[in-house]
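J.: I'd like to ask you about the structure that follows.
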Amino acid sequence: MRYITSFLVSLLVGVASANPHPACDQDDDHGNQKGPNQGPGQTLICPGLKTVDHGCIRYTRGFDVTGVTTEVDLTFPQIKDECDCIQECLKRLDSCANYVWKFSTSESVRSGHRTCTLYSNFNLPPTVNLSFNVDNSTNIQMLSPDNNPQKGGLVPQAFKDTNLNTTTDPDAVSGPVWALADGSVQC
């Protein structure tokens, strides 16, 4: 009886410690995601994109994490949703490192169509400022005086009212697109 009790206790301890954080474990321990459209911690968006995860699992809703250099502005009807926006960034891997799909002007709010802006860098932290020497830079657009030096700050919220400062927009999406050295892409 003592051996059976010891065996059962050992078995229970082994099973209990096999996955101490089941709520954090989103894969089957072979890199395959559990459940449809599930990434590690975030729901996959834009399934079918040619990325490592067949879509994007690294993004932020309701905020604009983008920076200010090499800005490319795209509008409806070319961009209908966040997936079109991300796809445009994927087409420009040599100059696009992040995207934002949001209402960027009063006109976009009135039309009901968010815009897509592609950038080559991210929002800087609040105490960091970068000054660009555009004369010695390549593949960079001229920066407005307001954007050079690029001033750091908290990541701004996205809004959906015509003044772009009152009604938050939880459907806005921004995030990274990383072209990796092995030829693969993550977002």
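J.: Which one is least open to solvent (accessible area, probe 1.4 Å), of the residues in region 79-120 that are small (Gly, Ala, Ser) and within 14 Å of the chain's Cα centre (by Cα)?
T.: Looking at residues that are small (Gly, Ala, Ser) and within 14 Å of the chain's Cα centre (by Cα), I get ALA97.
J.: Which condition from (1) under 12 Å from the mean Cα position of the chain (by Cα); (2) open to solvent by less than 50 Å² (accessible area, probe 1.4 Å); (3) under 19 Å from ASN165 (Cβ atoms); (4) aromatic (Phe, Trp, Tyr) is the one that PHE63 breaks?
T.: Condition not satisfied by PHE63: (2).
J.: Please go through region 132-149 and pick out each residue that is surrounded by 11 or more Cβ atoms within 10 Å (Cβ to Cβ) and in a loop (DSSP other than H, G, I, E, B).
T.: Once the filter is applied, which keeps residues that are surrounded by 11 or more Cβ atoms within 10 Å (Cβ to Cβ) and in a loop (DSSP other than H, G, I, E, B), region 132-149 yields PHE132, SER137, ILE140, GLN141, LEU143, ASN148, PRO149.
J.: Which of the following residues is open to solvent by 40 Å² or more (accessible area, probe 1.4 Å), touching a Pro at 6+ places or on another chain (Cβ under 8 Å) and without any contact (Cβ under 8 Å) to a residue 40 or more places away in the chain: ASN129, ASN123?
T.: Result: ASN129 is the single residue among ASN129, ASN123 that is open to solvent by 40 Å² or more (accessible area, probe 1.4 Å), touching a Pro at 6+ places or on another chain (Cβ under 8 Å) and without any contact (Cβ under 8 Å) to a residue 40 or more places away in the chain.
J.: Here is a follow-up. Which numbered condition in (1) at pLDDT below 95; (2) open to solvent by 40 Å² or more (accessible area, probe 1.4 Å) is the only one that ASN165 fails?
T.: Every listed condition holds for ASN165 apart from (1).
J.: Let me ask another. Which pairs have Cβ atoms under 6 Å, sit 6 or more apart or on different chains, and link a residue in region 153-178 that is under 12 Å from ARG114 (Cβ atoms) to one that is of a type in the set (Asp, Glu)?
T.: That search, which allows pairs on different chains as well, returns ALA158/ASP64; ALA158/ASP169; PHE159/ASP169; LYS160/ASP169; VAL173/GLU82; SER174/ASP64.
J.: Continuing with this model, one more query. Which members of region 150-160 meet the condition of being open to solvent by 50 Å² or more (accessible area, probe 1.4 Å) and part of a loop (DSSP other than H, G, I, E, B)?
T.: Start the filter on region 150-160 by keeping residues that are open to solvent by 50 Å² or more (accessible area, probe 1.4 Å), which leaves 151, 154-157, 160.
Answer for region 150-160, where residues must be open to solvent by 50 Å² or more (accessible area, probe 1.4 Å) and part of a loop (DSSP other than H, G, I, E, B): LEU154, VAL155, PRO156, LYS160.
J.: Name the residues in region 161-186 that are touching a helix residue (DSSP H, G or I) at 6+ places or on another chain (Cβ under 6 Å) and in a loop (DSSP other than H, G, I, E, B), would you?
T.: THR162, VAL177
J.: Just checking, does region 135-158 include any residue being at pLDDT 95 or above and closer than 22 Å to THR69 by Cα?
T.: yes
J.: Please verify whether PHE76 is surrounded by fewer than 20 Cβ atoms within 10 Å (Cβ to Cβ) and over 20 Å from LEU154 (Cβ atoms), treating the condition exactly as stated.
T.: Against the criterion (surrounded by fewer than 20 Cβ atoms within 10 Å (Cβ to Cβ) and over 20 Å from LEU154 (Cβ atoms)), PHE76 qualifies.
The values are calculated or read from the model by the stated rules, or taken from the named source; none is laboratory data. Note that this is a predicted model, so its numbers are computed, not measured. All Cβ positions, glycine included, derive from the backbone under ideal geometry; neighbour counts span all protein chains shown. Accessible surface areas use protein heavy atoms only, side chains included; no ligands, DNA or RNA. Shrake-Rupley method; radii C 1.70, N 1.55, O 1.52, S 1.80 Å.
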